[in-house]
């Protein structure tokens, strides 16, 4: 068996991976909280889609990719198959979206949370091992199926807990705590799965095809930053639109405040005109 390093760069890669998991979970939980309060299907759909992209794309897949930068086999180069890597990203987002829509689209119930957690957890597990299938090296990867089963159990439990969080958490304190728990669970699932990996080197190694993971670091980092900023901007914009429309609904305190602001603004605009008329 070949020697394997999971923390080639010390604590840098696991810390960055945890931050990605935390930020994705945080934004996703904020969006699901807004989805619960949405009054139309269109808005609820928008919030849930942003949440699925945040949790699945950033909180799970990008966390996995950043953690994999610390994976090294000293006796062999490590490369990534681009198509399987891309497929793993899709598998990170789609099952999360299905779980969120299953739980957040209609009335929430325990069977919906459990079935959504099972589907999402197995999807996340598929994302992880699809990504591992895309790793290319001068040998063969083997897996300890006991640890694979444990990582699968963690994935299902974490996904179920995450879906439950999306139905109950409100306020920044609980959301921050839930995002932290979700990030710890996602990282725990990843590194448990990585502990199951063993590498058997080839006696006559051939050249290793694929992409150097560090050649993907800059574009993926830029893409992740753009995605996070874009999702946050979309969320803030949607929040502003909803609050504006709620504020204009008749019979609400917000409507009264909005009307008073309009009257004050009109009076302020009319004052210079009236003053000019008196002078003339």
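Suppose R0 equals 30 Å; then what is the FRET efficiency for residue 223 and residue 180 from their Cβ-Cβ distance, rounded to the nearest 0.05? Don't skip to the answer; put the middle values down first.
On the way: r = 25 Å, r/R0 = 0.83.
Efficiency computed from Cβ-Cβ geometry: 0.75.
Suppose the chain between residue 39 and residue 98 were pulled fully straight at 0.36 nm per residue; how much longer would it get relative to their current alpha carbon spacing?
On the way: separation 59, 0.36 × 59 = 21.24 nm, distance 2.06 nm.
Contour length minus Cα-Cα distance gives 19.2 nm.
Applying a 10 Å radius around every beta-carbon, put 96-103, 221-228, 28-35, 78-85 in order of their mean neighbour count, most first.
Working: 96-103: 23.1, 221-228: 14.0, 28-35: 24.9, 78-85: 17.2.
Highest-to-lowest ranking by the protection proxy: 28-35, 96-103, 78-85, 221-228.
Which whole-number percent gives the relative contact order of segment 11-67, counting Cα pairs below 8 Å spaced six or more residues apart?
On the way: 66 pairs, mean separation 31.5, N = 57.
Relative CO of segment 11-67 lands at 55 percent.
Expressed as a whole number of Å, what is the distance separating the alpha-carbon centroids of segment 1-24 and segment 118-132?
What the calculation gives is 19 Å, centre to centre.
Rounded to whole Å and sorted largest first, what semi-axes of the equivalent ellipsoid does the C-alpha gyration tensor of segment 1-123 yield via the square root of 5 times each eigenvalue?
Numbers: eigenvalues 222, 42, 29 Å².
Working through the eigenvalues yields semi-axes of 33, 14, 12 Å.
Projected area of segment 91-189, taken from the Cα convex hull and averaged over every viewing direction, in nm²? Intermediate results must be reported in sequence, preceding the final value.
Numbers: hull surface 27.7 nm².
Over all viewing directions, segment 91-189 projects a mean Cα-hull area of 6.9 nm².
Most exposed first by the Cβ proxy, i.e. fewest other Cβ within 10 Å, how do 72, 142 rank?
Arranged by neighbour count, lowest to highest, 72, 142 become 142, 72.
Please tell me the relative contact order of segment 8-110 in percent, rounded to the nearest whole number, where contacts are Cα pairs under 8 Å and at least six residues apart.
Details: 107 pairs, mean separation 36.6, N = 103.
Result for segment 8-110 is 36 percent.
For a label point 7 Å from the Cα of residue 208 along Cα→C-beta, name the residues of segment 113-139 whose backbone N is under 17 Å from it.
Residues 131-139 qualify, since their backbone N sits under 17 Å from the label point.
Can you tell me the FRET efficiency between residue 105 and residue 195 if r is taken as the Cβ-Cβ distance and R0 is 45 Å, rounded to the nearest 0.05?
Numbers: r = 37 Å, r/R0 = 0.81.
Taking R0 as 45 Å, the efficiency between residue 105 and residue 195 is 0.80.
Coordinate-derived values only; no laboratory data. Predicted model only: the values in this text are computed from it and were never measured. Cβ coordinates were reconstructed from backbone atoms using ideal geometry, including for glycine residues, and neighbour counts include every protein chain displayed.
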